[in-house]
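The values are calculated or read from the model by the stated rules, or taken from the named source; none is laboratory data. Remember, predicted model here, so these are calculated numbers, not experimental data. All Cβ positions, glycine included, derive from the backbone under ideal geometry; neighbour counts span all protein chains shown. Heavy atoms of the whole protein, side chains included, go into the accessibility calculation; ligands, DNA and RNA do not. Shrake-Rupley method; radii C 1.70, N 1.55, O 1.52, S 1.80 Å.
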Amino acid sequence: MILSIYRGTLVPMSERKETNDVLEIERVQTGVRIEKRLLKVLKAIAELKDMSLGDLLEGIVLHAFEGKPPFSAKTLEDIDQFRKLYGMTLRASDSHHLKERK
């Protein structure tokens, strides 16, 4: 049996400064599978924001972990346009009901 372990940098909240200090992190390469149209929308948002897909995903997840919305109203409008462009009809309520084609 092969066991994969994520090794990253933990920054305890007590040591964090509430300034604009740059935080040094360690990134790892991962092989995540994701729905095709969702990936197209995410790539389009990343391109729009002039950032990498990884940076976008990190930002979305970090906001979600704190219960904060990751996108402004304007970005949500852009996302809606990308969803229409790429035919992405999936919603959050679909997330636990997806089955991959074989």
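Summary of values
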{"read-out": "Candidate set from region 75-90 (those that are closer than 16 Å to ILE60 by Cα and not aliphatic (A, V, I, L, M)); member that is least open to solvent (accessible area, probe 1.4 Å)", "value": "THR75"}
{"read-out": "Subset of region 92-102 that is under 18 Å from the mean Cα position of the chain (by Cα) and surrounded by fewer than 10 Cβ atoms within 10 Å (Cβ to Cβ) - its residue that is farthest from ILE45 (Cα to Cα)", "value": "HIS96"}
{"read-out": "Region 48-74 - residue that is in contact with a helix residue (DSSP H, G or I) (Cβ under 9 Å, 6 or more places away or on another chain) and charged (D, E, K, R) and, of those, least open to solvent (accessible area, probe 1.4 Å)", "value": "ASP55"}
